[in-house]
Amino acid sequence: MENNNTSKGKENGHEHGNEGQHGHGGEHPPKLFIFVNRLKFDESKGVKAIMTPDEIARLVGQTAETAIVREIHGQSDQGTEVTGPIEIKQAAQFTVTRRTVVGGYASSARIEAEIASLREGGQEVEYLPGPPQAVIYRALEVRNQPGLKQTDVLLMIPPGYPAAMLDHAWLPAESVLLGRVKGAVQGEVNMDGRLWRQVSYHPHAGGGNAPWDPNRFGIHTYLGDIISWLEVR
Amino acid sequence: MNTLKLRIAEEMMSKMRTLAEARYPEQEWATYLECGWHSSGDRLSALTVVGLVEPRVGDLNVEVEHVELQETYTLRTAMTVEKSGLAPGVVHSHPKGFRVTPSPIDDDMDRYHAQYFAGFAPGRPYVSLILGRTCEGVPLISGRAHFQDRWYEIDEVVIVGSEVLRNPVEGRKLPAPPPSIAARMERFLSGFGAQSAARLWGSTVMVVGCGGTGSAALHSLARSNVGRIILVDTDRLENSNAERIHGAFENFLPAPGKAGPPKVEVARKLIHAINSKIEVIAFEGNLLHDEIRTLAIESDLVLGCTDSHHGRVAASELAFRYFVPVLQVNVTMETKQDRVTGQVLQLNRYGPGLGCAYCRSQVNAVLLSQELMTPEERDNRKNAAEQAVLRGEKPDPYWTREPIIPTVGSLTTLAAELMMNSTLGILTGRYSGLAQFLELDLLAVDLGVISVPFRSKPDCSCTSFAGHGDASEAGRLISAPGHWSTPKKR
């Protein structure tokens, strides 16, 4: 059996040779901890000496994109926003609050209105109320693909739509278009009794169309993006 | 799914709806709330709306049709409830003509809020309400709450104020009485309608005190086919009660020197002799006992039929802290030289803003304290009073003689039926105009009617802690003395 008294290996995270540096009796420094939304997090949960807003936000399941991180200094202080890496002080208090919390029925009403306008224009569209919500554009024309004249395309509607933007497109899992239309093939989802594959198509995030604006774009305009996308080159 | 009631003061309901409908009929709006609650163990029992954390400019995105609460607003609400000790909540509107069932994004919003507010308001529920209107403009409401990792559905909203309005939430069906019961209510149905019968059958009423007024009230409740009746009394039947207590049949009266049956047992037998299908829960206990208090908070109505001062305080605290509709009745006969000179009955309706027992000057603090003393303390004080008299001093600082209130069965029954009239109005919602305070002297010219609207005094607990429920425990006016035995469920 190895004799730990003579070993140079680590015990409890501290090397034996360093005992003197930890003071009398080899005491360990207290774990660094902070409070986020009044909940305590320490090093075991990811707290460290320097943290970014994103790292702080992720402690409570958010990101720097979805939430605002603030450091607060008193019970009623609403705090100052943390916008970059910050040195963490022991027992520092932070709040991480979603930038927007979305609620209401209007998004369903809006979806139904947009679908109605598509149908009035002659497009066959099916709404899946979910959750998760989705629409299926039925029988879209496919150009330049021998043996395939039309296809269904699934569009998942994100929570918080229309503030949250439409993104990606989904093709039937067996579709010959996968790998031929623009965008990498990613995960799969089962909707309406069929398996669909997600394609990394981002018309409003660098994909050619203007940045997402809920006042200008919607399910009815996304159809135009999809139709362009289906033109196999 | 667990269900519970939400109670809200009339003025607050109006304010909340006006705010939520700020962009009606097509666009939605929202406000955060502060709420009170009652829980028993890990079970949430009841909710109240205490106040609004109203939005400021910029707190909601006006560019969208739905609701987008901004970070500053959410954070400010968290800080507000952290300081107040109340429970956080949110109310938003759905457009006119749309159902008030939560949408998928409402689900996401509520999941987030429940988790977010937990750190700022530990151990407290999170409440979410949705308001709307039908195409015809009829108001709709739905709601849910999260507490101790469980979601609760709000199945009834009760608006309490000058009236008591019970609104089953959208989709909730009232249980119809069994056909045999409905057959007995034919005359009632012709005036009140089938929905009233269903409301009575689906109601729970607590009767505190099963003496002269209480027994008459519960007798009437049974004949009205109220489906669930909770009985509370510590006393046993005595021969002297026979003149007043409904159900005190000869075979129940105790032999000399023997203890009679518990009054709640006598009451239960009377109820079941009238309608064996009514659920009766009986306690030898007091409204101050926690288990009984929880049942009172969960009831649709509490009838206070005791003549104790602590009973009045307990009943009125239920009304202002938890917004439980409470009716309290008192009776007394005035006599002078062997003649009855007055037959006085008083009916009180306690509710938010309507003044508690203290606002109405109905509490004698000395007598209340004596009611709650240990038997030893009572004996010590009585002895001290006797000694004071012997010394030529007044006995009052030591002991105040507890008045024996003379009364008669006809008076207690009349008082109870007067209370029942308000009871039917509250439970069925079929009529309004309920008095907040009514006093009659049957022997006075024109019955000496006094009917006054009380208002809560601004510096009274019933104003400061209105709707707070279990929050602000330090502000509770009364609780069960430690020497009392635990209640016995019969």
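Structure data summary
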quantity: Where GluC sites (Glu not before Pro) fall in DSSP loop in segment B:170-251, at most 15 other Cβ within 10 Å; calculated: B:Glu170, B:Glu238, B:Glu243
quantity: For segment B:372-385, 3J(HN,Hα) per residue [Karplus equation, 6.51 cos²θ - 1.76 cosθ + 1.60, θ = phi - 60°, Hz, x = Gly/Pro]; calculated: 9, 6, 5, x, 5, 5, 4, 4, 4, 5, 5, 4, 4, 5
quantity: Debye intensity ratio in log₁₀ form over the Cα atoms of segment B:394-442, taken at each q of 0.17, 0.25, 0.31 Å⁻¹; calculated: -0.69, -0.98, -1.17
quantity: Amide H contacts of A:Leu32 (H built 1.01 Å from N, under 5 Å, at least 5 apart or other chain); calculated: A:Glu43
quantity: Neighbouring partner chain Cβ atoms per residue of B:24-30, average, 10 Å criterion; calculated: 2
quantity: For residues of A:37-46, the mean tally of beta carbons on other chains within 10 Å; calculated: 2
quantity: Degrees, to the nearest 10: B:309-322 long Cα axis against longest axis of chain B; calculated: 10
quantity: Shielding by partners - mean other protein chain Cβ count within 10 Å, residues of A:92-100; calculated: 5
quantity: Kirkwood hydrodynamic radius of the protein assembly as shown, from inverse mean 1/r over distinct Cα pairs, in Å; calculated: 30.5
quantity: Centre separation in Å (Cα based) which lies between segment B:317-370 and segment B:268-309; calculated: 19
quantity: Chain B: angle of helix B:212-223 to the longest principal axis, Cα-based, in degrees nearest 10; calculated: 50
quantity: Derived scalar couplings ³J(HN,Hα) [segment B:20-36; Karplus, 6.51 cos²θ - 1.76 cosθ + 1.60; whole Hz; x for Gly, Pro]; calculated: 5, 9, 4, 10, 5, x, 9, 10, 9, 8, 8, 8, 7, 10, 10, 10, x
quantity: Relative frequency of Cα-Cα separations exceeding 17 Å in segment A:167-233, percent; calculated: 43
quantity: Radius, Kirkwood style, for segment A:84-158 when every pair of distinct Cα atoms is counted (Å); calculated: 16.3
quantity: Cα radius of gyration and Dmax for segment B:156-207 (Å); calculated: 12.4, 35
quantity: HN-Hα J in Hz across segment B:250-265 - Karplus 6.51, -1.76, 1.60, θ = phi - 60°, x for Gly and Pro; calculated: 4, 6, 8, 5, x, 6, x, x, 9, 7, x, x, x, 4, 5, 5
quantity: Cβ-based exposure ranking for B:Thr18, A:Thr63, B:Thr413, in which fewest neighbours within 10 Å come first; calculated: B:Thr18, A:Thr63, B:Thr413
quantity: Charge dipole (debye, nearest 20) of segment B:256-300; +1 at Cβ of Lys and Arg, -1 at Cβ of Asp and Glu; calculated: 360
quantity: Relative packing of B:358-368, B:114-124, A:80-90, which averages over residues the other C-beta atoms within 10 Å, highest first; calculated: B:114-124, B:358-368, A:80-90
quantity: Cα gyration tensor, chain B - rounded (a/c under 1.5), prolate or oblate; calculated: prolate
quantity: Euclidean distance of C-alpha centroids, segment A:49-88 and segment B:399-466, integer Å; calculated: 57
quantity: Cβ-based exposure ranking for B:His146, A:His202, B:His468, in which fewest neighbours within 10 Å come first; calculated: A:His202, B:His146, B:His468
quantity: Nitroxide proxy distance, nm - points 7 Å out along Cα→Cβ at B:Lys96 and A:His73; calculated: 5.0
quantity: Contour minus Cα-Cα distance for B:Val408 and B:Lys83 (0.36 nm per residue); calculated: 111.8 nm
quantity: Sum of -39500 (n - 2.57) over DSSP H runs of 4+, divided by residues of the protein assembly as shown (222 nm, nearest 500); calculated: -8000 deg cm²/dmol
quantity: Within segment B:346-379: backbone nitrogen closer than 18 Å to the B:Arg391 label point (7 Å, Cα to C-beta); calculated: B:379
quantity: Debye, to nearest 20: dipole size of the protein assembly as shown, +1 on Lys, Arg Cβ, -1 on Asp, Glu Cβ; calculated: 1300
quantity: For A:Thr97, A:Thr221, B:Thr335, order by how many other beta-carbon atoms lie within 10 Å, fewest first; calculated: B:Thr335, A:Thr221, A:Thr97
quantity: Principal axis dimensions, segment B:311-431 - Cα atoms, whole angstrom, descending; calculated: 62, 39, 23
quantity: Inter-site label distance for A:Lys31 and B:Val449 at 7 Å from Cα along Cβ, in nm; calculated: 7.2
quantity: On Cα atoms only, tilt of B:104-120 relative to the major axis of chain B in degrees; calculated: 60
quantity: Share antiparallel - DSSP beta bridges, chain B, percent rounded to 5; calculated: 60
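Where a number appears in this text, it was derived from the coordinates with a stated rule and is not lab data. Note that the coordinates shown come from a computational prediction; the quantities given were computed from them, not determined experimentally. With ideal geometry, Cβ positions are generated from the backbone for all residues, glycine too; neighbour counts draw on all protein chains shown.
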